[in-house]
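K.L.:
There's a structure below that I have some questions on.
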Amino acid sequence: MDLTSGYPFWPAKNGFLKTYEPLDRSLACEVLVLGGGITGACIARSLVEDGRDVVVLDRRNFGWGSTCGSTALLMYEIDTHLRDLIRETGQGLAVAAYRSGLEAIEKVEGLCRTLGAGEFRRRDTVYFASTAADGEILRDEFETRREFGLPVEWISSEDFSRQFDFPAPGAIRSRVAAEIDAFQLTHALLADGERRGARLFARTEATECHEREDGLLVKTDRGPEICCGHVVVACGFESLKYLRRSVPVRLTSSFALASEPIRDFAGWPDRCLLWESARPYCYARTTSDGRGLLGGEDVPFQNALARDALLPAKVERLERRWRALFPRIPLELAFPWTGTFAETGDGLPYIGFPSEQPRAFFALCYGGNGITYSVLAAEMLRAALRSERHPYADVYSFERKKA
Ligand SMILES: Cc1cc2nc3c(=O)[nH]c(=O)nc-3n(C[C@H](O)[C@H](O)[C@H](O)COP(=O)(O)OP(=O)(O)OC[C@H]3O[C@@H](n4cnc5c(N)ncnc54)[C@H](O)[C@@H]3O)c2cc1C
């Protein structure tokens, strides 16, 4: 099953970067990471940095899962409003989840600076109300976030009209957000991990995982097997087949387009990240080479063929939306594409060792903010293998409590 279709912008911009060989012999290692998207890459590099013996397998080429289809807006604010999350999970967990997003953005910035890759750029986020009723809900959400010290400002309807070329009843501006090239960062993390000793194999699928007295035995579609102490499941939305319990997850396909480079961003103040209160929502950002990206039109995922058949109609709708949002910026379409990702019931990812699978760390970095969770997952596993408690372990654990 392909995870993306059309041609995503990032591999077109970067090229393949590096193609790794498949696995051709049986191996043993301390930690086997399944999946070499942004999550597996963050985890693998973090573990080798900590002195672990790591092997990474991907059934495709590295970075060619959801990661290459991602529009890669980095936001601490998740799809579930803080006030709703507090009701659902309790104040402590909800506020910690929002704060963890702020920390994650700083960590991604640190990684990008260290590796000299990923095109990290700080931007403001503007989250606008799509309807008058949503204007009141967002005002309430703004008050809640402000109460807990999150970096928000309110934009009134009048101020909004002065800054943008379309009306909105109000909006929340957040001062901590960023945009990156997640495909490039994934490859930089993997290359650095390899330099530090990680062994990377592409186009090799893990097909079975068996528990043994001294660890796990993982079989692959190419024949060779891997003995390991722990396995990390970072297979994106294809991870669930390894999980022995059921979690509330739905698969969603999203549609996106990249424009040709834009000369004048009139009506797009400070090239902010833009999203809205409607569900499904549209989301927009710009790129380092001066393009605009617009995504949205999400639908439940059925199969790759059905999703791909929707692409032309969805792109037309996105083009119409572009003209409504940015009437002074003519759209020259360069790349339309679609990709699939997963979302959970409460909007939070599942990261950790399920109690019934003590040797399998799951990094189900699901949701519209999946990339921020990838860096948190890497830290959480590193701490767990050192037998340390991570401050966000309970927030994202499989055992997390409801309010
Ligand atoms: C259109 C779109 C827009 C998005 N926009 C944003 C955004 O703006 N901000 C944000 O934070 N997130 C966004 N996301 C979500 C984000 O892209 C994902 O959260 C993130 O890429 C997930 O990374 P991952 O490494 O966990 O999964 P993936 O990138 O899917 O990587 C999983 C890898 O596992 C491999 N694999 C699967 N099964 C096996 C197996 N059995 N053996 C070996 N390998 C296996 C796959 O080949 C794949 O390469 C978006 C997603 C899409 C599709």
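The values are calculated or read from the model by the stated rules, or taken from the named source; none is laboratory data. Keep in mind it's a predicted model, so treat the numbers as computed, not measured. Heavy atoms of the whole protein, side chains included, go into the accessibility calculation; ligands, DNA and RNA do not. Shrake-Rupley method; radii C 1.70, N 1.55, O 1.52, S 1.80 Å.
K.L.:
Tally up the carbon and sulfur contribution to the accessible surface of the chain as a whole percent, 1.4 Å probe, everything protein left in place.
P.N.:
Working: 7690 of 15970 Å².
Roughly 48 percent, rounded to a whole number.
K.L.:
In whole angstrom, how far apart do the alpha carbon centroids of the range 50-83 and the range 287-320 sit?
P.N.:
So the separation of the two Cα centres works out to 20 Å.
K.L.:
Sorted from largest to smallest, which semi-axis lengths in Å does the alpha carbon gyration tensor of the range 91-145 give for its equivalent ellipsoid, taking the root of 5 times each eigenvalue?
P.N.:
After diagonalising the Cα gyration tensor, the semi-axes are 30, 16, 6 Å.
K.L.:
Okay, moving on. Cα atoms only, the range 1-53: Rg and Dmax in Å?
P.N.:
When restricted to the Cα atoms of the range 1-53, Rg and Dmax are 14.4, 40 Å.
K.L.:
Can you tell me which lysines have their Cα less than 24 Å from the Cα of Lys13? Leave out same-chain residues fewer than eight positions away.
P.N.:
Lys13 reaches Lys314.
K.L.:
Given 4 °C and 1.567 mPa s, how large is the Stokes-Einstein diffusion coefficient of the range 62-116 in µm²/s, with Rh as the Kirkwood radius over Cα pairs?
P.N.:
Details: Rh = 13.0 Å.
Answer from the Stokes-Einstein relation: 100 µm²/s.
K.L.:
Give the cross-link partners of Lys18 among the aspartates and glutamates, using a straight C-alpha distance below 16 Å as the criterion and excluding same-chain residues fewer than 8 apart.
P.N.:
Here the aspartates and glutamates satisfying the reach criterion relative to Lys18 are Asp58, Asp181, Asp192, Glu194.
K.L.:
I've got another one for you. Among the lysines, select those whose C-alpha is under 26 Å from the C-alpha of Lys241, and discard any that sit fewer than 8 residues away in the same chain.
P.N.:
Lys219, Lys401, Lys402
K.L.:
Calculate how steeply helix 132-147 sits against the longest principal axis of the alpha-carbon atoms of the chain, using the helix alpha-carbon long axis, and give the answer as 0 to 90 degrees to the nearest 10.
P.N.:
60 degrees
K.L.:
Working from Cα positions, state the angle (0 to 90°, nearest 10) between the long axis of helix 38-49 and the longest principal axis of the chain.
P.N.:
Compared with the principal axis, the helix lies near 50 degrees.
K.L.:
With only alpha-carbon atoms in the gyration tensor, what are the semi-axes of the equivalent ellipsoid for the range 126-281, in Å, largest first? Intermediate results must be reported in sequence, preceding the final value.
P.N.:
Numbers: eigenvalues 397, 87, 48 Å².
With the √(5λ) rule applied to the range 126-281, the semi-axes are 45, 21, 16 Å.
K.L.:
Ok, one more. Kindly provide the pair-distance distribution of the chain built from C-alpha pairs, with 10 Å bins from 0 and whole-percent values in order of increasing distance.
P.N.:
Using 10 Å bins, I get a P(r) of 5, 23, 33, 25, 10, 3, 0 for the chain.
K.L.:
Suppose all protein chains stay in the model; what accessible area per residue would a 1.4 Å probe give for the range 358-403, in Å²?
P.N.:
On a per-residue basis, the range 358-403 sits at 40 Å².
K.L.:
Over the Cα atoms of the range 170-209, what radius of gyration and what Dmax do you get, in Å?
P.N.:
Using the Cα atoms of the range 170-209, the pair Rg, Dmax is 17.5, 51 Å.
K.L.:
Once the range 234-312 is represented by equal point scatterers at the alpha-carbon sites, with solvent omitted, what log10 I(q)/I(0) does the Debye formula produce at q = 0.16, 0.18, 0.26 Å⁻¹?
P.N.:
The Debye formula, applied to the Cα set alone, gives -0.79, -0.91, -1.20.
K.L.:
While we're looking at this one, here's another question. Which order do you get for Asp394, Asp134 if you rank them by accessible area with a 1.4 Å probe, largest at the top?
P.N.:
Numbers: Asp394 95, Asp134 35 Å².
Final ranking, largest accessible area leading: Asp394, Asp134.
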